[in-house]
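Working notes for the structure below.
Where a number appears in this text, it was derived from the coordinates with a stated rule and is not lab data. From a predicted model like this one, the values you see are computed outputs, not experimental measurements. Heads up, the Cβs are rebuilt from the backbone with ideal geometry, glycines too, and the neighbour counts pull from every protein chain shown.
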Amino acid sequence: MKKTLILLAGYPGTGKSYLANLILEKFPSIQFLSPDELKEKNWDQYGFNNLAEKETLIQKSWEEYYQIMSEKFQQSISLISDYPFSGKQKEKLRRLTDQSGYQVITIRLIAELDVLYERQKLRDLDHSRHLGHILLRYHKENVTINHKSADNLVDYQEFIKRCTTRGYGEFSLGELIEVDVTDFSLVDYDQLLIELEKLLEW
């Protein structure tokens, strides 16, 4: 298999984690690296009292993310990573993959934004959603709030603004596969895995 970084990119609420699991099941030698998991780990470990402290932990998480990625590349391990990637990450990812001789495959998931907002709302209110994403202040040991009462939920206007100004729907690095997931029932995941298999030279 070619040394590869697979980026599951695109808007929030497009089912990136679901697709990641399908790919990991099909190609078990690929390892998963998640920016959100690193953020959640740091929020649990350190907590934050305001958005500035939260942002500091987010930046720390990205530094850890790139460090882990670099170490995995040195071991010739292929990776898959899911996130609404944007221009913020593009050049760093390009440099790391170029230096290590990795091919990049971007699977960009898109959909109608109104549909995605409804999905995002449901996800934010789900009990499995880490509260650090939707609170202005978070400390794991003393959080008793439920998701519906969170004080940093994203409203419709902010969601649309993020999706239309941050480049989520335009991000691409390396080989691009774009998939419309407005209706999950119409997505041919089997065909996508076949296409991926060819690119990976599995």
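Considered as a group, the residues in the stretch 43-67 that are assigned to a helix (DSSP H, G or I) and in contact with a strand residue (DSSP E or B) (Cβ under 9 Å, 6 or more places away or on another chain) include one that is nearest to Arg166 (Cα to Cα), and that residue is Glu55. Considering only residues in the stretch 64-80 that are in contact with a helix residue (DSSP H, G or I) (Cβ under 7 Å, 6 or more places away or on another chain) and either of a type outside the set (A, V, I, L, M) or closer than 17 Å to Lys39 by Cβ (or both), the one that is surrounded by the fewest Cβ atoms within 10 Å (Cβ to Cβ) turns out to be Ser70. In the set (1) assigned to a helix (DSSP H, G or I); (2) closer than 26 Å to Leu57 by Cβ; (3) in contact (Cβ under 8 Å) with a residue 60 or more places away in the chain, the condition left unmet by Lys121 is number (3).
Going through (1) farther than 22 Å from Asn50 by Cβ; (2) without any contact (Cβ under 8 Å) to a residue 60 or more places away in the chain; (3) surrounded by 13 or more Cβ atoms within 10 Å (Cβ to Cβ); (4) not β-branched (Val, Ile, Thr) one by one, Leu153 falls short only on (1). The numbered conditions (1) surrounded by 14 or more Cβ atoms within 10 Å (Cβ to Cβ); (2) in contact (Cβ under 8 Å) with a residue 24 or more places away in the chain; (3) assigned to a helix (DSSP H, G or I) are all true for Thr164 except (1).
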